[in-house]
1. Order of 84-94, 125-135 by packing, highest average Cβ count within 10 Å first?
2. What net charge do the residues around Asp70 carry, taking every other residue with its C-beta under 14 Å from that of Asp70, with Lys and Arg at +1 and Asp and Glu at -1?
3. Grab the other residues whose beta carbon is less than 13 angstrom from that of Arg102, score K and R as +1, D and E as -1, and report the net.
4. If I model a spin label at Asp100 and Asp70 as a point 7 Å from the Cα along the Cα→Cβ vector, what separation in nanometres do I get?
5. Would you calculate the separation in nanometres between label points at Met7 and Glu93, each defined as 7 Å from the Cα along the Cα-to-beta-carbon direction?
6. Using packing as a proxy for protection, rank 24-36, 6-18 so that the peptide with the highest average count of other Cβ atoms within 10 Å comes first.
7. When a/c is below 1.5 the answer is rounded, else prolate if a/b is larger than b/c, else oblate, so apply that to the stretch 1-84 with a ≥ b ≥ c taken from the square roots of the Cα gyration tensor eigenvalues.
8. Using label points projected 7 Å from each Cα along Cα→Cβ, tell me how many nm separate Ser50 and Gln81, to one decimal.
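Coordinate-derived values only; no laboratory data. Predicted model only: the values in this text are computed from it and were never measured. Please note: Cβ atoms are built from the backbone with ideal geometry, for glycine as well, and neighbour counts cover all protein chains shown.
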Amino acid sequence: MSEQNGMRYMGLDVGSKTIGVAVSDPSGWLAQGITTIQRTTLSRDFSALSALIQEYNVGCIVVGMPYTMDGYVGPQAVWVQGFVERLQAHLPEMPIKTWDERLSTYAAEQPLLEAKMQRHKRKAVIDKLAASLILQGFLDAEVGTEAPH
């Protein structure tokens, strides 16, 4: 897959236990959840991300920022910002952007609840689905795509 011509975007939904990962298609129009990384150490987390960056020819990372519902930077957003700073130090040449992720996990979970998916199955897909929603929001607004949803 690294033979693709187009640069892809990678979306991350960073949590304390997992990192949901999504990538765009080479044209930068559509986001798709690809995996969920089980968090262990920063070194292992960054190694897993680096391998995916290489595999998918990623040229920009978009990290969801969990602002409070009223738009403030709460403790979780401060924690994610710290992760972003360490990731940037690990990947100094990689552009890393943040994107307001309020309600992304909620929005990801709703169709799964409506489909009456079992809790353990929801847990397996929720993070990469949230990462996909974060990335799609960024692509639609910032990259100027008009991708179908």
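1. 125-135, 84-94
2. After counting each charged neighbour, the total is 0.
3. -4
4. About 1.5 nm separates the two model spin labels.
5. The answer from the label model is 1.2 nm.
6. 6-18, 24-36
7. It is oblate, given that a/c is not under 1.5 and a/b is not larger than b/c.
8. Each label point is offset 7 Å from its Cα along the Cβ direction, giving 2.7 nm.
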